[in-house]
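Below you'll find the structure, written out as structure tokens, and then a few comments.
What follows draws every value from the coordinates through simple rules; no lab data is involved. Computed from a predicted model, the values in this text were never measured in an experiment. With ideal geometry, Cβ positions are generated from the backbone for all residues, glycine too; neighbour counts draw on all protein chains shown.
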Amino acid sequence: LDALKFFNFLNKSFYPLFSKFGIDKNNFSGLIYGLLEVTRGAKILSLNTKNISIILASGILSFSGLSIIMQSMAFLKECKIKAHSFIFSKCVHMILSMIFCAILIVIF
């Protein structure tokens, strides 16, 4: 995806929307990488010490990345868990994790 400039396309297309929420280019890049592959996204986000980086890292760690979700689906197919409900629950988990992380950052 890097060789195809896919991430550059996503950055150019969606960054203006996310910049309105105070997310800089490095954090947005970490978020995009993290949604696909959690390790690289977490590494990029760990380079920045802003609170938004911590919140986004919490979100991608809970979501676990599409690559891990697809690997999990291979095993969960035998358990008769539907893909859309599993991915929806991972998205809800990500949002709740980010909300709780933001609240804990304010408290501590």
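For residue 108 and residue 77, the FRET efficiency from 1/(1 + (r/R0)^6), where r spans their Cβ atoms and R0 equals 30 Å, is about 0.15. Selection among 81, 98, 61 by position relative to the dipole of the chain gives 81 as farthest towards the positive end (Cβ unit charges, Cα centre). Here residue 91 and residue 3 are evaluated by their C-beta separation; at R0 = 25 Å the FRET efficiency comes out at 0.30. In the chain, helices alone account for a calculated mean residue ellipticity at 222 nm of -25500 deg cm²/dmol, with every DSSP H run of four or more residues adding -39,500 (n - 2.57).
The gain in end-to-end length when the residue 67 to residue 50 segment is fully stretched comes to 3.5 nm, 0.36 nm per residue minus the alpha carbon separation. Given charges of +1 on the Cβ of Lys and Arg and -1 on the Cβ of Asp and Glu, with all other atoms neutral, how large is the dipole of the chain about its Cα centre, in debye to the nearest 20? Charge dipole, the chain, about its Cα centre: 140 debye, nearest 20.
May I ask you to list, by number, the DSSP H helices of the chain whose Cα span along the axis is at least 24 Å and whose average Kyte-Doolittle hydropathy reaches 1.0 or more? Membrane-span-like by this criterion, though nothing is claimed about a membrane: 83-107. Our compactness index for the chain, the C-alpha radius of gyration over the empirical 2.2 N^0.38 Å, is 1.13.
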